[in-house]
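Novice: So that we are looking at the same thing, I have put the structure below in structure tokens.
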Amino acid sequence: MIENRPHFATRLGVIATTVGSAVGLGNIWRFPYEAGANGGGAFLLIYIACIVVIGIPVVCAEFVMGRASRRNIFGAFRTLAPRGGRWWSAVGVLGITGSTLILAFYSVVAGWTAEYFVQSVCGSLADVASGERRAAFDSFTGGWRCVMWTLVILGLNCLIVLGGVRKGIERVSNLLMPLLFVLLLTLALNSLLLPGAADGLAFLFRPDFSTVDSGVILSALGQAFFSLSLGLGTMMIYASYFSHRTPLLKSAATTAGLDTMVALIAGVIIFPAVFTFGAEPAAGPKLVFEVLPDIFRMMPAGAVWSTLFFLLLLLASLTSTISMSEISVAYFCEQWGMSRRKAVAVNTSVAVVLGTLCALSFGPLSDLQICGMTVFNLFDCVASNIIMPLGGMLISIFSGWVLSRNVLQAELSPIPRALLRALTFSLRYIAPGAIAVIFIAY
Ligand code: PFF
């Protein structure tokens, strides 16, 4: 069964699908609020450094492990490690735990997007005056409608995942990603014309290192991992569907490049508006949802733009939730021999319980604080700042030290010798070392 695994049909399919997993709410919702809360320019520089120095090598490692084993994260460690990789497959536990926590809170935010899409279609989004936006948003997120949307998203995700990886996702992503890109560029141009553009761009691009502490560095690292869907085995499972002709390093660099570009464009859309409309850059998870409606309100045919934007963002978040679900689903199917239906049912049931808790943490459960965080923030912090970098560290140590050099070289070839050496060096020393130092300093 594994040997006959289907492949992505085209190279565009490979890029669109991995970019489909990487690009989503992480770029358009999470990046701006993390940058806003962590001082702007300096955060951006550290984030880019994390992508280049740690992110791209770890994407390559996941690609190599996925394609060489043609299995999910557990199976990959078991197949590729000498002596069956019993201990190494514990990284799979991290992957499943992390992806389930992310699916829970991510579905809540995808639900906010769905609500904004419906409000854009009905025209009611533009009806709320700028000053009342915060109260309106708080009343929505604090109510049952927000829970309802979370469940709708999980239902949609369940239906798509049931259909299998290749069929739907490749086709949808091929069309969706280019469209989203063009729309974002148009919105960025529009934001550059706002009166607060200069202040917004200065905030995003002029680094002020006096604001940097170990917390800012850990957040940038977490954002890099979150945005690239790294450390959980997502890229591994997708690479298990790559054909042997797919160039891994080039695909990793393209995915990381496009993903970072989308985050930057999202920053260029949001921060000029933050400074134009007097929002607070450090407003946290609600930032983008408070600012975007003001942008659309000032645009000609704003309702059309906002409908299109929230629809594409919704689809982009679904291409990401699918990839999160695929980690557990592939594990249950390949390791436990479960039917796809049953595996999807287990994955969705757990996500429904945890997702409801996350949704309620903006309303009835807002007083439930664990380590000073709501359930929503706790899931995000544990998954993005601990599990993903830890998973990435173990994956890079495995690929650099344990995996046979021949496998690494064969999967990455054709690749210039110097690049192979640099990549191996990064997987052995730089990526795990940097992650360890950031953890210890924190
Ligand atoms: N990278 C996705 C985003 O930026 O929206 C989020 C994500 C997808 C995280 C898949 C983790 C994952 F396994």
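The values are calculated or read from the model by the stated rules, or taken from the named source; none is laboratory data. As the structure is a prediction and not an experimental result, all values here were calculated from the model. Please note: Cβ atoms are built from the backbone with ideal geometry, for glycine as well, and neighbour counts cover all protein chains shown.
Novice: I need every pair where a residue in segment 77-103 that is away from the ligand (no atom under 16 Å from the Cβ) has its Cβ under 7 Å from the Cβ of a residue that is among the aromatic types (Phe, Trp, Tyr) and outside any helix (DSSP H, G or I), sequence separation at least 6 or different chains.
Specialist: Phe77/Trp88; Ala81/Trp88
Novice: Out of the residues in segment 58-75 that are at pLDDT below 95 and within 16 Å of the ligand (Cβ to nearest atom), state the one that is surrounded by the most Cβ atoms within 10 Å (Cβ to Cβ).
Specialist: Ile73
Novice: Just a yes or no: is a residue in segment 275-289 within 16 Å of the ligand (Cβ to nearest atom), within 21 Å of Asn27 (Cα to Cα) and aromatic (Phe, Trp, Tyr)?
Specialist: For segment 275-289, residues within 16 Å of the ligand (Cβ to nearest atom), within 21 Å of Asn27 (Cα to Cα) and aromatic (Phe, Trp, Tyr): present.
Novice: Consider Val128 against the criteria (1) more than 16 Å from the ligand (Cβ to nearest atom); (2) assigned to a helix (DSSP H, G or I); (3) among the aliphatic types (A, V, I, L, M): it satisfies all of them except one. Which criterion is unmet?
Specialist: Of everything listed in (1) more than 16 Å from the ligand (Cβ to nearest atom); (2) assigned to a helix (DSSP H, G or I); (3) among the aliphatic types (A, V, I, L, M), Val128 misses just condition (2).
Novice: Could you identify the single residue in Ser361, Ser366, Ser396 that is more than 30 Å from Pro82 (Cα to Cα) and at pLDDT 95 or above?
Specialist: After ruling out the rest, the residue left standing is Ser361.
Novice: If I ask for residues that are away from the ligand (no atom under 16 Å from the Cβ), within 19 Å of Cys158 (Cβ to Cβ) and in contact (Cβ under 8 Å) with a residue 12 or more places away in the chain, which ones from segment 349-387 would you list?
Specialist: Once the filter is applied, which keeps residues that are away from the ligand (no atom under 16 Å from the Cβ), within 19 Å of Cys158 (Cβ to Cβ) and in contact (Cβ under 8 Å) with a residue 12 or more places away in the chain, segment 349-387 yields Val352, Thr356, Leu357, Ala359.
Novice: Continuing with the same structure: Counting only residues that are crowded, with 24+ Cβ neighbours inside 10 Å and within 17 Å of the chain's Cα centre (by Cα), which one in segment 267-293 is farthest from Ala135 (Cα to Cα)?
Specialist: Per the stated criteria, the residue is Gly267.
Novice: Among the residues of segment 20-38, are any touching a helix residue (DSSP H, G or I) at 6+ places or on another chain (Cβ under 6 Å), surrounded by fewer than 24 Cβ atoms within 10 Å (Cβ to Cβ) and part of a loop (DSSP other than H, G, I, E, B)?
Specialist: The answer is no, given that none of the residues of segment 20-38 is touching a helix residue (DSSP H, G or I) at 6+ places or on another chain (Cβ under 6 Å), surrounded by fewer than 24 Cβ atoms within 10 Å (Cβ to Cβ) and part of a loop (DSSP other than H, G, I, E, B).
Novice: Filter segment 148-157 down to residues that are of a type in the set (A, V, I, L, M, F, W, C) and either at pLDDT below 90 or crowded, with 20+ Cβ neighbours inside 10 Å (or both) and give me whichever is farthest from Leu103 (Cα to Cα).
Specialist: Result: Trp149.
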